[in-house]
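One structure below.
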Amino acid sequence: MIADNQLIIVDLLNKNSYYTTAELAQKVGISQRKVKENLRKLKEMGLLNRIGSAKGGYWKVVML
């Protein structure tokens, strides 16, 4: 099951795949650590893929 914060993160990344975890944390209103945890869970669910490196890459939304 996908949580509310995870839906917000997916929606934001669908609009701009280059958001950093700090930017996502600010927009969602949760800590950067929680954003990273949610991103990990979304990757495990197959809803997100990371393309490229950690610093120079971007997120690809698989669903939607």
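Summing Cβ point charges (Lys, Arg +1; Asp, Glu -1) relative to the Cα centre of the chain gives a dipole of roughly 220 debye. Counting protein heavy atoms only, the chain has 50 percent of its accessible area on carbon and sulfur, 1.4 angstrom probe.
Compute the accessible area per residue over the chain, keeping the other protein chains in place, probe 1.4 Å, unit Å². Kindly include the intermediate steps, with their values, before the conclusion.
Working: 4240 Å² over 64 residues.
That works out to 66 Å² for each residue.
Distances between placed amide hydrogens fall under 5 Å for Val62 paired with Leu48, Asn49, all partners being 5 or more residues away or on another chain.
Got the relative contact order for the chain handy, in percent, Cα pairs under 8 Å and 6 or more residues apart?
On the way: 59 pairs, mean separation 20.4, N = 64.
Normalised by residue count, the contact order of the chain is 32 percent.
Residues whose amide H comes within less than 5 Å of that of Ile30, counting only those at least five positions distant or on another chain, are absent (H built at 1.01 Å from N in the peptide plane). Pairwise Cα distances in the chain exceed 19 Å in 17 percent of cases.
The values are calculated or read from the model by the stated rules, or taken from the named source; none is laboratory data. This one's a predicted model, so the numbers in the text were calculated from it and none came from an experiment. No Cβ is skipped: glycine too gets one built from the backbone with ideal geometry, and neighbour counts run over all protein chains shown. Just the protein is used for accessible areas: all its heavy atoms, side chains included, with ligands, DNA and RNA removed. Shrake-Rupley method; radii C 1.70, N 1.55, O 1.52, S 1.80 Å.
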